[in-house]
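First the structure, in the form of structure tokens, and then the observations on it.
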Amino acid sequence: MTVDPNAATQDFPSPRPTPARAPGGASRYLIPALVACAVAVGLGAYGKVHDPAGTAFNLAGFSSTGAVKSWLATVSFGFALVQLTSALMMYGKLPGPSWSGVLHRWSGRVAFLVAVPVAVHCLYALGFQTYESRVLWHSLLGCFFFGVFSAKMLLLRSERLPGWLLPIIGGLVFTALTVVWLTSALWFFRTFGVTT
């Protein structure tokens with residue numbers, strides 16, 4: 001059997017091109033936002049309906065649970081400052097070593113791990129309180145911090161994010177933690193003195 005190369009061929013319609021979509025579409029933004037809201041609202045709701053126990057933990061060597069919380073919050077805030085500095089290095093805004101990314105990841109882990117017992121104590125021992133504006137802001141931004149932190153962790157796994165998104169989310173995490181520290185640890189040290 002021979003094939004005539006000059007013979008007419010049947011013309012099949014070409015398939016319609018599918019529009020290019022970003023991987024994950026809107027869900028890669030919507031899911032972290034919904035998780036952030038669920039975490040923040042869940043923590044706030046638990047803190048509001050839970051009967052405060054008055055105390056959750058105390059560490060030997062500290063005069064009170066307030067001192068323990070204030071020092072742990074200060075350590076967490078210190079590591080958050082390292083986070084901010086290392087992020088500026090990673091984005092080329094400050095000169096820094098090649099390992100600034102590693103410093104950023106590990107300082108964030110330590111800041112979060114040190115903040116968890118403080119949050120557990122706040123939620124379990126004190127609850128979500130609103131009796132004065134300082135306490136209201138502390139309660140609101142404490143819940144917001146853990147919500148936006150959850151969103152940041154989920155967004156880190158997304159591919160091809162806009163370059164501005166992670167700095168904005170990281171800035172929200174840092175700002176929330178800063179105000180939480182100002183309305184708790186700094187207030188405690190100014191009111192009761194720098195004690196252990």
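Can we say ARG109 is basic (Lys, Arg) and assigned to a helix (DSSP H, G or I)?
Working: basic (Lys, Arg): yes; assigned to a helix (DSSP H, G or I): yes.
Yes; evaluated as a whole, the condition is true for this residue.
Conditions: (1) in contact with a Phe, Trp or Tyr (Cβ under 6 Å, 6 or more places away or on another chain); (2) modelled with pLDDT under 95. ALA176 meets all but one. Number of the miss?
The number of the failed condition is (2).
Among the residues in the stretch 179-190, are any small (Gly, Ala, Ser), at pLDDT 90 or above and either farther than 21 Å from ALA38 by Cβ or open to solvent by less than 20 Å² (accessible area, probe 1.4 Å) (or both)?
Just the residues of the stretch 179-190 that are small (Gly, Ala, Ser), to begin with: 184-185.
Then keep just the ones that are at pLDDT 90 or above; that gives 184-185.
With either farther than 21 Å from ALA38 by Cβ or open to solvent by less than 20 Å² (accessible area, probe 1.4 Å) (or both) added as a condition, the list becomes 184-185.
Yes, that holds for at least one residue.
Look at the stretch 135-173 and say how many of its residues are in contact (Cβ under 8 Å) with a residue 24 or more places away in the chain, open to solvent by 50 Å² or more (accessible area, probe 1.4 Å) and not aliphatic (A, V, I, L, M).
Going through the stretch 135-173 one residue at a time, the tally reaches 5.
Those residues that are open to solvent by 70 Å² or more (accessible area, probe 1.4 Å), part of a loop (DSSP other than H, G, I, E, B) and either within 30 Å of LEU156 (Cα to Cα) or modelled with pLDDT of 75 or more (or both), I need them from the stretch 16-69; list them, please.
THR18, PRO19, ALA20, ARG21, ALA26, ASP51, PRO52, listed by residue number.
Name the pairs whose Cβ atoms lie under 9 Å apart, with the first residue in the stretch 61-83 and of a type in the set (A, V, I, L, M), the second assigned to a loop (DSSP other than H, G, I, E, B) and crowded, with 16+ Cβ neighbours inside 10 Å, and 6 or more positions between them or separate chains?
VAL68/PHE62
Confirm whether MET90 is of a type in the set (A, V, I, L, M, F, W, C), touching a helix residue (DSSP H, G or I) at 6+ places or on another chain (Cβ under 6 Å) and surrounded by fewer than 19 Cβ atoms within 10 Å (Cβ to Cβ).
Numbers: of a type in the set (A, V, I, L, M, F, W, C): yes; touching a helix residue (DSSP H, G or I) at 6+ places or on another chain (Cβ under 6 Å): yes; surrounded by fewer than 19 Cβ atoms within 10 Å (Cβ to Cβ): yes.
Considered against the rule, which asks whether it is of a type in the set (A, V, I, L, M, F, W, C), touching a helix residue (DSSP H, G or I) at 6+ places or on another chain (Cβ under 6 Å) and surrounded by fewer than 19 Cβ atoms within 10 Å (Cβ to Cβ), MET90 comes out as yes.
Criterion first (modelled with pLDDT under 90, assigned to a helix (DSSP H, G or I) and within 28 Å of HIS50 (Cβ to Cβ)) does HIS121 satisfy it?
Values: modelled with pLDDT under 90: yes; assigned to a helix (DSSP H, G or I): yes; within 28 Å of HIS50 (Cβ to Cβ): yes.
Yes; evaluated as a whole, the condition is true for this residue.
The values are calculated or read from the model by the stated rules, or taken from the named source; none is laboratory data. In this text, all values refer to a predicted model and were calculated from it rather than measured experimentally. Note: ideal-geometry Cβ built from the backbone for every residue, glycine included; neighbour counts use all protein chains shown. Surface accessibility is based on the protein's heavy atoms, side chains included, excluding ligands, DNA and RNA. Shrake-Rupley method; radii C 1.70, N 1.55, O 1.52, S 1.80 Å.
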